Number of protein chains: 4
Amino acid sequence: MSNDKRGPLAADRLESAPRRPASLWKNAVTRDQERQAKRMAVLLTAADMFLARGSHRVAMTDIADELGITKPALYNYFSSKDDLLVECFRQSNQVIIEQLDRIERSAGPGLEKLRAIIRAYARLITVDYGSVMIRLEDRDLPDILRNEVRGYKRAIDARVRATIEGGIADGSILPCDVKLATFAIMGALNWIGQWFRSDGPYSVDRIGDEYADRLTKGLAKN
Amino acid sequence: MSNDKRGPLAADRLESAPRRPASLWKNAVTRDQERQAKRMAVLLTAADMFLARGSHRVAMTDIADELGITKPALYNYFSSKDDLLVECFRQSNQVIIEQLDRIERSAGPGLEKLRAIIRAYARLITVDYGSVMIRLEDRDLPDILRNEVRGYKRAIDARVRATIEGGIADGSILPCDVKLATFAIMGALNWIGQWFRSDGPYSVDRIGDEYADRLTKGLAKN
Amino acid sequence: MSNDKRGPLAADRLESAPRRPASLWKNAVTRDQERQAKRMAVLLTAADMFLARGSHRVAMTDIADELGITKPALYNYFSSKDDLLVECFRQSNQVIIEQLDRIERSAGPGLEKLRAIIRAYARLITVDYGSVMIRLEDRDLPDILRNEVRGYKRAIDARVRATIEGGIADGSILPCDVKLATFAIMGALNWIGQWFRSDGPYSVDRIGDEYADRLTKGLAKN
Amino acid sequence: MSNDKRGPLAADRLESAPRRPASLWKNAVTRDQERQAKRMAVLLTAADMFLARGSHRVAMTDIADELGITKPALYNYFSSKDDLLVECFRQSNQVIIEQLDRIERSAGPGLEKLRAIIRAYARLITVDYGSVMIRLEDRDLPDILRNEVRGYKRAIDARVRATIEGGIADGSILPCDVKLATFAIMGALNWIGQWFRSDGPYSVDRIGDEYADRLTKGLAKN
DNA sequence: AATGAATGAGCTTTCATTCAT
DNA sequence: GATGAATGAAAGCTCATTCAT
């Protein structure tokens, strides 16, 4: 983060000191970009491995090996395994929040928003790093970080719940126990991460559409 | 599984082999019963701890301490931690199978059976050891044991799926993608284990009823 | 410590329950003795190595190697390196306290007691594990343990100071700044640990006598 | 030591080689001065930190951070941590030697010189970098450097011893075991570093005077 | 059947040092 | 002269498992 700032600041100085060759600046910017790129590479590699095997089954050595570097090099980018893991959660949260924001801003009755959330979630869980939030365990984290993560989770839940409540208010959704309904929907969605295979028979969109129907229309004939 | 049967089976054989002095037999029976009781105590204690903290966060020492015995003593009853864990899965499977059997034998349309399954599952997850099957990770197990566990899971899924198909056949359930519908329902149910607190505001029955409605009737007004 | 008590307690029970074969008790006692002996061996080996090289230069592996066992075996006797180190301090404290108690109980003017303390200290530092208290660093210990150790040190200082004050009171010692006098004496004594070699030219008694004189009579001719 | 001399020496050579344009020389001198200044800054910062926390508890990173530079930059001034540490000892030695020289050159009986040494030492230990020699451990150094440091220490000891011998010769000091007397005095002095706090109740001069009395006049009434 | 003791393999983390730039 | 990045070597500690008793 501090590095993000250093870049612009340096750029300012550059404008007022035009003697320095542009190439030098390029170097600094490039270096910073490279650093961020590497940091991101570590993060994504770790997230992939954590998702595939569970975070406690992935040793720092494993991540380093996968990246072709040595273990201590990881500590240039993340101060600890916990830090790395919690950063995965943060990234995941950000991605999810963006989707929820987008849907919230859209017009339409609550029911449609709920269905949009379901479709978005299906995608998040299957192709994006949104699944980190759902599938990785936060129990190994120290209290303070675990609470942070749980805060994210609660916030997401609250927003889905609010969408359902909005739907009830605007008449598009039947009155029901909102909390339980939210749990049921989130559970169904989260579970996708357990069985989905990208080389399986179902496309992401197909799953999203089907779930959107199934979880809102029900199965019963009448 | 094999061990559950061995106990009773052994007792049967004893009854049908009355030549040895009764007292001796009684001793043998008693000894065997004691062994089975202790074995079961280990199993249930381990299952509880595994569920509460996740199996990889429970050391063999922890289990032994909880039972007031020493670590190596555990190995008299289970040959390894994996063995103990897989046995938890087997017990869980048995409990689940019993419920599915009971419901399958009952009369009524497929929809009602499905609802009965949902109610039974809600109970299994919250109060019985059925939750082991759903909430414990099988990823730490060696391939052969993990495959065994996954077989159980697939079988359970298949039976729920068959129930839905039966409901479609008898007209009580709308035609739909059965596989996805099953996944959605099972996901919603399994998720209960993530948020349920026995001291929380929802009773098991309340959850079962609400889920049975929600997952079959849907949320949409029409 | 708790183990010291278990022995006697067990012996009591034995007397009132004479049915059990003595051999069993012997075994238990023997085993306990062996355990204590081993624990002590670890402690003394560690203390020696800590004194010789400084505690931070001694790895757990080094201690284990010296004892001919493996690293984790050490953890059967001490829960951590800190635990091992602080136990060294506790042993050292006990030895010192015993000497101070003995001298305190003796008759004689304060000056004689002070000289006795100097002689005793010279011995403690050179041949007994009393030197641990003086020569090992407590700065690597976590706060709580470091405070414990500093408490010991303060208590020892206080007792020497009290002895000097007693001497001033009974007229055998000249009035002076007691705190500084104590520091000077303790410093001179503690320093012995820095230069003393058991194969050197000075015997322990020689050092003790000379220091007792030097630190109380001074060097000046008048 | 070698580096301290190299600076001035280099400057001397410059003055005696006037052929090159003065401006260039000035630059070179300035550059050299700057380098020496930076080198000294590193040295003093390191010495402070080593004294405060013990050299093995101070990482190169810590020193760099304290100076606001990066770790590898340190290696421009010192070839290794050992080099840095031994240079601290050399500086310390120089300061101590200067004091001993000054006192040796003064007139007066041996006893007065000894008292002057005690007063000077009290100051060295509490306010100057003289304490490095006494309070820092040389055990982490490789043999060759450790021997160098021990040479310094022995030389200092020898000079104190010589002062006492001079006092015995001139009749101002009572005959005694000079070696042990020296050890006792040095020990008492060195220990000051363990308890002295600059914000404590004792001023440096007070300590020096009191120690000068206590260590030469003794405590005993007769 | 149960115990105390021990082990091997593994984990996260630290740190002095080097190197390309 | 200084930097960011990387490394090899080591440290303390944990844990499932085994073994003699």
The correct count of residues that are more than 10 Å from DNA strand F (Cβ to nearest atom), touching a helix residue (DSSP H, G or I) at 6+ places or on another chain (Cβ under 6 Å) and open to solvent by 60 Å² or more (accessible area, probe 1.4 Å) in segment B:49-80 is 1
Exception for D:MET133 within (1) within 26 Å of C:HIS56 (Cα to Cα); (2) within 16 Å of DNA strand E (Cβ to nearest atom) falls at (2)
Screening A:ALA64, A:ALA59, A:ALA122 for residues that are over 20 Å from A:SER172 (Cβ atoms), in contact with a Leu (Cβ under 9 Å, 6 or more places away or on another chain) and not assigned by TED's automatic domain parsing to the domain that holds A:ASP157 leaves only A:ALA64
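Step by step: first the residues of segment A:208-222, then only those that are more than 7 Å from chain B (Cβ to nearest Cβ) and part of a helix (DSSP H, G or I), then the one that is surrounded by the most Cβ atoms within 10 Å (Cβ to Cβ). Which residue is that?
Within segment A:208-222, the subset more than 7 Å from chain B (Cβ to nearest Cβ) is A:208-209, A:212-213, A:222.
Checking the rest, the ones that are also part of a helix (DSSP H, G or I) come to A:208-209, A:212-213.
Numbers: A:GLY208: 24, A:ASP209: 16, A:ALA212: 21, A:ASP213: 20.
It comes out as A:GLY208.
Condition test on A:ASP138, is it touching a residue at least 40 places away in the same chain (Cβ under 8 Å) and closer than 19 Å to B:GLY193 by Cβ?
Working: touching a residue at least 40 places away in the same chain (Cβ under 8 Å): yes; closer than 19 Å to B:GLY193 by Cβ: yes.
It is true that A:ASP138 is touching a residue at least 40 places away in the same chain (Cβ under 8 Å) and closer than 19 Å to B:GLY193 by Cβ.
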With the first residue restricted to segment B:68-88 and required to be within 14 Å of another protein chain (Cβ to nearest Cβ), and the second required to be modelled with pLDDT of 95 or more and within 6 Å of DNA strand F (Cβ to nearest atom), Cβ contacts under 6 Å at 6 or more apart or on different chains are B:LYS71/B:MET60; B:LYS71/B:THR61
Counting only helices (runs of 4 or more DSSP H) entirely within segment A:95-190, those with at least 1 residues that are in contact with a Pro (Cβ under 6 Å, 6 or more places away or on another chain) are A:143-169
Does any residue of segment C:117-128 turn out to be open to solvent by less than 70 Å² (accessible area, probe 1.4 Å), over 14 Å from the mean Cα position of the chain (by Cα) and away from every other protein chain (no Cβ under 14 Å)? no
Of (1) within 14 Å of chain D (Cβ to nearest Cβ); (2) more than 24 Å from D:TRP195 (Cβ to Cβ); (3) open to solvent by less than 70 Å² (accessible area, probe 1.4 Å), C:GLU112 fails just (3)
The number of residues in segment C:81-97 that are within 11 Å of C:ALA46 (Cα to Cα) and either among the basic types (Lys, Arg) or open to solvent by 50 Å² or more (accessible area, probe 1.4 Å) (or both) is 1
Residues of segment D:147-172 being within 23 Å of C:MET186 (Cα to Cα) and at the interface with chain C (Cβ under 8 Å from one of its Cβ atoms), in sequence order, are D:ILE164
Checked segment B:173-194 for anything modelled with pLDDT of 90 or more, at the interface with chain A (Cβ under 7 Å from one of its Cβ atoms) and open to solvent by 20 Å² or more (accessible area, probe 1.4 Å); matches are B:ASP177, B:PHE183, B:TRP191
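The values are calculated or read from the model by the stated rules, or taken from the named source; none is laboratory data. Here the structure is a predicted model, which is why all the values come from computation and not from measurement. So basically every Cβ, Gly included, is an ideal-geometry build from the backbone, and we count neighbours across all protein chains shown. When the accessible area is computed, the model is the full protein with side chains, heavy atoms only, and any ligands, DNA or RNA have been set aside. Shrake-Rupley method; radii C 1.70, N 1.55, O 1.52, S 1.80 Å.
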